[in-house]
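First the structure, in the form of structure tokens, and then the observations on it.
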Amino acid sequence: MMFPKFLTGVDLYGYLPIDDSVKYHFYIQASEDLDNERINIDADSHYGFSLQKQITEHTTIGSSVGYFEDTTDTETHYLHLNSKWSSGRYKVTSELNYNFNNPLNSQANESQAIYVQGEYKFHPRHSMVGRVEYFHDPIIDVSERIGIIGYSYRPQYPISIKLEYQWHADSNENQLLSSFSVLF
């Protein structure tokens, strides 16, 4: 919900010539989206830059900065920070997003999203996951704090069967969810 998921434009990526442990990624969209059915934000333009640095064999950090304008002429600037640590059966990932929105006909505002997730793979096909999330967006008037405990089973690589329980700050929204997905 923080920035457009898909891009209709140019995508350049690779490794920095001066440091091959740093990946770069430029993305530019200077037109409307080609496919309006599968997008989360209908953008007229989107410009951004990402860097990802391999700190150690087990640790990666990254950052993105960008700008997009949607079809309602709302301009949004964003900053994204992320990290991943993994070793053997354990993995910890985290992300922080900060957006500054400037709608054409209303007051500017800021949104934030943060999550930290830990995973323990107790068998090559079985994992337990714990995650905490915070999301605040005054445009859609949503402020969420969620704790999640989950289980994932992968009978084969592209197939995932998941079960999770979510504890929300508003206990009326607590729920048990399950899903079946095939990655491609």
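Each reported figure results from applying straightforward, stated rules to the coordinates on display, with no laboratory input. From a predicted model like this one, the values you see are computed outputs, not experimental measurements. Note that we place each Cβ from the backbone using ideal geometry, even for glycine, and neighbour counts take in every protein chain shown.
So the values come out like this:
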{"item": "The chain: relative contact order as a whole-number percent, Cα under 8 Å and 6+ apart", "result": "10"}
{"item": "Residues Gln175 and Thr8, FRET efficiency given R0 of 30 Å [Cβ-Cβ distance, rounded to 0.05]", "result": "0.30"}
{"item": "Estimated distance in nm for a label pair at His168 and Asn102, the labels positioned 7 Å out from Cα along Cα-to-Cβ", "result": "3.4"}
{"item": "Residue order, fewest to most beta carbons within 10 Å, for Val10, Val22", "result": "Val10, Val22"}
{"item": "Ratio of Rg to Rh over the chain (Cα coordinates, Kirkwood Rh, two decimals)", "result": "0.99"}
